[in-house]
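Take a look at the structure set out below.
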Amino acid sequence: MTVEESLLSNVAGPVPDEWSIAWKALDPERFRPLCAEELRYDDDSVPDPLRGFDRFAEWIGQLRRAFSPWEVKVRRTYTASDGAAVARWWQIRAVHTGLFEPLDLEATGRPVNLDAAEFLECRNGLVVRGRGMFNAVTLLQQVGRLPAE
């Protein structure tokens, strides 16, 4: 465990800590033990909510195929005292190396550097609902689909 992960676990608790580790690995199986059966995850890159672990895992796989290498840095984490809610600010750095199906983005080989936010609702130690947000315009500019500002 890195110093950052150790500090995070002391501040945020086991679900947010393990969730961060899963995001850093971008491995769907790392998320599985953290997700409730009724998981619903909303993200700016998909038009409809991801309902259930299988759909969420499919989307994580799409991210993994589209952006490699993938690096996530947790900027800030805020956790409710009862652990039922988590808010996190991330920085994502990656290279766009494959098709990102949700936005129909063919690989460009360009670097991507994005800020993102995520909000989790937890029940009985599992994530039941999540919401991820990032600036899609910035992503599209960085991969050359929109003109830079």
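The values are calculated or read from the model by the stated rules, or taken from the named source; none is laboratory data. Remember, it's a predicted structure, so these values are computed and weren't measured experimentally. When we count neighbours, we look across all protein chains shown, and the Cβ atoms used for this are built from the backbone with ideal geometry, even at glycine.
Just checking: which of the helices (runs of 4 or more DSSP H) contained wholly in region 1-103 hold 1 or more residues that are modelled with pLDDT under 95 and among the hydroxyl-bearing types (Ser, Thr, Tyr)?
Once the helices (runs of 4 or more DSSP H) in region 1-103 are filtered for at least 1 residues that are modelled with pLDDT under 95 and among the hydroxyl-bearing types (Ser, Thr, Tyr), what remains is 3-12, 14-25.
Checking the conditions here, which among Asp43, Asp54 is under 17 Å from Ala22 (Cβ atoms), of a type in the set (D, E, K, R) and crowded, with 18+ Cβ neighbours inside 10 Å?
Asp43
Could you list, in sequence order, the residues of region 118-149 that are touching a His at 6+ places or on another chain (Cβ under 7 Å) and farther than 16 Å from Arg93 by Cα?
Listed by number, the list is empty, since nothing qualifies.
Return the residues of region 76-99 that are over 11 Å from the mean Cα position of the chain (by Cα) and touching a residue at least 40 places away in the same chain (Cβ under 8 Å); say none if nothing qualifies. Explain how you work it out, then say what you get.
Taking region 76-99 first, the residues over 11 Å from the mean Cα position of the chain (by Cα) are 76-87, 93-99.
Result: Thr77, Thr79, Gly83, Val86, His96.
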Which of (1) surrounded by fewer than 16 Cβ atoms within 10 Å (Cβ to Cβ); (2) closer than 16 Å to Met133 by Cα is the odd one out, the single condition Gly61 does not satisfy? (2)
Residue match in region 87-94 (condition: among the aromatic types (Phe, Trp, Tyr) and touching a helix residue (DSSP H, G or I) at 6+ places or on another chain (Cβ under 7 Å)): no
